[in-house]
1. Name, by its number, the condition in (1) over 13 Å from the mean Cα position of the chain (by Cα); (2) of a type outside the set (Phe, Trp, Tyr); (3) more than 8 Å from chain A (Cβ to nearest Cβ) that does not hold for B:SER47.
2. Every residue in the range A:109-167 that is among the basic types (Lys, Arg) and part of a loop (DSSP other than H, G, I, E, B), please.
3. Go through the residues of the range B:20-34 one by one and say whether even a single one is within 8 Å of chain A (Cβ to nearest Cβ) and among the hydrophobic types (A, V, I, L, M, F, W, C).
4. Conditions first: (1) in contact with a Cys (Cβ under 9 Å, 6 or more places away or on another chain); (2) within 14 Å of chain B (Cβ to nearest Cβ); (3) not aliphatic (A, V, I, L, M). A:PRO160 passes all but one, so which condition is the exception?
5. What are the residue pairs meeting all of these: first residue in the range B:4-21, first residue closer than 22 Å to A:VAL250 by Cβ, second residue aliphatic (A, V, I, L, M) and outside any loop (DSSP other than H, G, I, E, B), Cβ atoms under 7 Å, and 6 or more apart or on different chains?
6. Do we find a residue being more than 8 Å from every other protein chain (Cβ to nearest Cβ) and farther than 21 Å from A:PRO159 by Cβ anywhere in the range B:36-43?
7. Please return the ranges of helices (runs of 4 or more DSSP H) entirely within the range A:320-419 where 1 or more residues are out of contact with any helix residue (DSSP H, G or I) (no Cβ under 8 Å at 6 or more places or on another chain).
8. Can you tell which of A:ARG218, A:ARG240, A:ARG244 is within 14 Å of chain B (Cβ to nearest Cβ) and in contact with a strand residue (DSSP E or B) (Cβ under 9 Å, 6 or more places away or on another chain)?
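Just so it is clear, none of the values below were taken in a lab; they were calculated from the coordinates. Keep in mind it's a predicted model, so treat the numbers as computed, not measured. In this analysis, Cβ positions are derived from the backbone assuming ideal geometry, glycine residues included, and neighbour counts consider all displayed protein chains.
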Amino acid sequence: MSGCPFGHTGDAAGVERSGEPNDVVTSRGASDGGTAATAETVTPRMSRRGLLSLAGVGGAVAVAGLAAGFLGHDAVTATAASASVPAAGEAVVPFFGDHQAGITTPAQDRLHMAAFDVTTEDRKELIKLLKDWTAAAQAMAAGDPTGKTGAVDGPYDAPPEDTGEALDLAASKLTLTFGFGAGLFEKDGKVRFGLDGRRPEALIDLPHFPGDDLQPGRTGGDIVVQACADDPQVAVHAIRNLARIGFGKVRVRWSQLGFGRTSSTSRAQVTPRNLFGFKDGTNNLKVEDNALLDEHVWVAPGGPASEQWMAGGSYLVARRIQMHIEIWDRTSLREQEGLIGRTKGVGAPLSGGDEFSTPDFAMAGRNGEPLIPMDSHMRLAHPDQNNGVRMLRRGYNFTDGSDGLGHLDAGLFFIAFVKDPRTHYVPMQLAMAKGDTLSVEYLKHTGSGLFAVPPGVQAGGFIGEGLFA
Amino acid sequence: MDEKFAALQAELKKHAKGDGFAYYNELSPEQVQGLASLVDSLGEPLSKLTSAVVL
């Protein structure tokens, strides 16, 4: 965004990181809120995208006139060039693709995740819902309102189709990722929707882990939707409208807001920090690791015929991990670093180097003990200690107010995508729940879910189509 | 919508007591959730009724 000649302030921080992967279409132009609002009054039928494009053109033309007067030829050329493409905050992540968006998409800043119980038992109604959701998700990812008439262009005596709070906001890299829980296939011993024998082997019932304190109202669900965007209101709007479309067929079981990402999923992103104040996700799988993604994240084709619909999909593990942050805050820096196994400032392994240095688990200090303690979080989570398995983590910091006792109800909403939770999640979580002092003393798992995430949707298709073929 | 009305009426009937209904605070959270879900199922299509009839 350098060289923008008219003090353009619409660039959300982070939109213009270098090295965006190809699947993210980053676009730019003027997106000044005032300009957009003016445009709206004269063109009420424009979509959000069209609106912003128009504002871009109008603004640019006006400024080009001014600029011609005193900035000279270069500025005019630059302005004219930017007029042909829409706003910077408007980066759109394509909805269609081989894999669903929102997995290897560089982690956006905000999360709203919702799990639904399916209340209908009618297969046709379920398929209709998935088709309606596909259409709405595609529109919202493109920055458009839901329905044919959107938020303000429908009949005056009808409730608007779209709820409207995302009008004037850019697409904000919204991704919507859908997954199916075990309860979609069978519930209370009964097969549902004719899906007899279609539940994938890997869609297990997660075992009880030591220290689990799962609340039923935060656990399970038949369908999950992960909405991620750089603008929190865009993410909330998406879940709200999907829930509304679903009334009578699904009911929200639980939902979770995440206010800040705790993982980077691209080398172009800096590593963010969790609420313990430590960098989180340093060693995460990244979008650039193609071979590793195939090995650890994507379900390969060639499984049993009943599971072919999952080829190119993945499994989403969600865990609401509450942190005892007040107790943590009273812990010395020495102990904090020992519990994590990394330095708090740079995030380097305690065996030395910088953030991305390979940890030396054998290196001992003067007292003969390993520099990276045996019970440290990093040691127990490291692939070397877990048969080389990796996961793609995509978690978010959350706070849901306070606990009524003067403490924050806060923590990390853990999200991971793996090709098989039996090999890529359960063993590691068992080891952590038993041996990781951090987990035992400072963390409590209060919510949980495991979902089969089908592959991406192609134009004309719908979410999970293969399962109903 | 007839079906959804019928479903709600059937659920309400379960809570009939004497000449009226059981008090809200006598219901379990699951029973309240069940009723809320049925009201929502009905409420969303019902909200479109006016425009469907008028237009």
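1. (3)
2. A:LYS148
3. Scanning the range B:20-34, I find no residue that is within 8 Å of chain A (Cβ to nearest Cβ) and among the hydrophobic types (A, V, I, L, M, F, W, C), so the answer is no.
4. (1)
5. Matching pairs, first to second residue: B:LYS4/B:LEU42; B:PHE5/B:LEU42; B:ALA7/B:LEU38; B:LEU8/B:LEU38; B:LEU8/B:VAL39; B:LEU8/B:LEU42; B:GLU11/B:LEU35; B:GLU11/B:LEU38.
6. Applying the first criterion (more than 8 Å from every other protein chain (Cβ to nearest Cβ)) to the range B:36-43 yields B:36, B:38-39.
So of that shortlist, the ones also farther than 21 Å from A:PRO159 by Cβ come out as none.
Among the residues of the range B:36-43, not one is more than 8 Å from every other protein chain (Cβ to nearest Cβ) and farther than 21 Å from A:PRO159 by Cβ, which makes the answer no.
7. Working: elements: A:325-328, A:333-340, A:377-381.
Output list reads A:325-328, A:333-340.
8. It is A:ARG240.
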